[in-house]
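Right, one structure below, let's go through it.
Bear in mind that the values in this text are calculations on the coordinates, not laboratory data. Predicted, not measured: the structure shown is a model, and the values here were computed from it. Positions of Cβ are generated from backbone atoms using ideal geometry, with glycine treated the same way; all protein chains shown enter the neighbour counts.
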There are 2 protein chains.
Amino acid sequence: MDQIQVFNNYLSRKGLKTTSQRMIILETFLESDSHYSTEELYLKLRVEYPKIGYATVHRTLKLFAECGIAAERNFGDGQARFEPIHGEDHHDHLVCTECGLIIEFEEPQIEALQEAVAAAHNFTIANHRLELYGCCATCVAAGN
Amino acid sequence: MDQIQVFNNYLSRKGLKTTSQRMIILETFLESDSHYSTEELYLKLRVEYPKIGYATVHRTLKLFAECGIAAERNFGDGQARFEPIHGEDHHDHLVCTECGLIIEFEEPQIEALQEAVAAAHNFTIANHRLELYGCCATCVAAGN
DNA sequence: TAGTTTTCTGAAAATCGTTTTCAATATCGC
DNA sequence: GCGATATTGAAAACGATTTTCAGAAAACTA
């Protein structure tokens, strides 16, 4: 079941409606692999679909997060960011604090250790966030 | 060198002044091991020191973070939180999404793996954040 | 399909946490 | 103590997010 199906199922399950705006936003959102803030996605959409309002973009991104096809993240720049979840595999982020570059990575060993820590404290983990902040190779070379 | 010294050094190095408000806020902040938002600390201080304003609390917490005796964190509830840094050892957090309980933990193996991941991507890590969100034993038992 | 009900949309206003402004006050160096 | 400079507290400004509301669109009903 792909993301579009998941989203449509979610809509009908909740008695919500399928609208052209929601479909357009979903398409554009899935097309890219970048980490959109509401504003960024709104600006991108505005080029082709100037009628779509900021509030609708934001509400729709929240819907994506609710139905599980997007993850809401916050990298500390004061804006929430959303990224498509393409499968069940989880990934974390390397964030360059100089140029804003975001690299995704997966490290099963870290995940396993997290589970161990949680178990030691009798916690049941629902999700987690791991972000490594630093300087990417390019910025290091540039002397930043 | 304890935190009070670090803070005073920082103040004089930057040409800033030692005020009674700053000392009161620092004391109260260090006394507790909880993770204060500006508002929480402001409300706590207000009981004994009703003259201290919200802006001063906030500015002072920012100062703590600047001089390295506090860390600013964001657990996704929309409020920044500050916690005292008691030594050079780093720790991460388990956050109960039901009751708000925050448990600190350290896991050197995870830190080591993070370094390995960063090295593989030619990143130089300055800092990181790791938070595990879930349900604590008490809330699980309560059926949440 | 037309009519009815409900949800959705977009613009603007409201909200929330945070940050800044500004006049009065306090601290520091002399 | 004096003067220069930083700090304070209240209120206003700010930016991101959320809500409001009247008109538009979608889904349901018969």
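Each other copy holds its own label point for B:S12; taking that point as 7 Å from Cα along Cα to Cβ, the gaps run 7.3 nm, nearest first.
The charge dipole of chain B, taken about its Cα centre with unit charges on the Cβ of Lys, Arg, Asp and Glu (plus for the first two, minus for the last two), comes to roughly 960 debye. With a 10 Å cut-off around each Cβ of B:102-113, the average count of Cβ atoms from other chains is 4. Pairs of Cα atoms nearer than 8 Å and 6+ residues apart set the relative contact order; for region A:65-122 it is 19 percent. Packing, taken as the mean count of other beta carbons within 10 Å per residue, orders the peptides B:109-115, A:13-19 from highest to lowest as B:109-115, A:13-19. What share of the DSSP beta bridges in chain A is antiparallel, in percent to the nearest 5? About 75 percent, rounded to the nearest 5. Going by a ≥ b ≥ c, the root eigenvalues of the Cα gyration tensor, does chain A fall in the rounded group (a/c under 1.5), the prolate group (a/b larger than b/c) or the oblate group? Oblate is the answer for chain A, as a/c is 1.5 or above yet b/c matches or exceeds a/b. Over chain B, Cα pairs under 8 Å with separation of 6+ residues give a relative contact order of 18 percent. Helical runs assigned H by DSSP (4 residues or longer) give the protein assembly as shown a calculated mean residue ellipticity at 222 nm of -14000 deg cm²/dmol, each run adding -39500 (n - 2.57) before division by the residue total. Report, to the nearest 10°, how far helix B:54-67 tilts away from the longest principal axis of the Cα atoms in chain B, using its own Cα long axis and a range of 0 to 90°. Roughly 60 degrees, rounded to the nearest 10.
Across the copies of the chain, B:D77 has label points (7 Å from Cα along Cα→Cβ) spaced 2.7 nm apart, shortest distance listed first. For region A:98-132 and region B:73-144, what is the separation of their C-alpha centers, rounded to whole Å? Region A:98-132 and region B:73-144 have Cα centres spaced 9 Å from each other.
Summary for B:K62: label point 7 Å along Cα→Cβ; distances to the equivalent points in the other copies, ascending, 2.8 nm.
May I ask for log10 I(q)/I(0) of region A:76-119 at q = 0.16 Å⁻¹, from a Debye sum over the Cα atoms as equal point scatterers with solvent left out? Result of the Debye calculation: -0.61. Pairs exceeding 30 Å between alpha-carbon atoms, taken from A:K17/A:K44; A:K44/B:K62; B:K17/B:K51: A:K44/B:K62. Extending 7 Å from Cα along the Cβ direction at B:C99 and again at A:L101 yields two label points whose distance is 4.5 nm.
Among bridges DSSP assigns within the protein assembly as shown, what percent are antiparallel (round to 5)? Within the protein assembly as shown, antiparallel bridges account for around 80 percent of the total.
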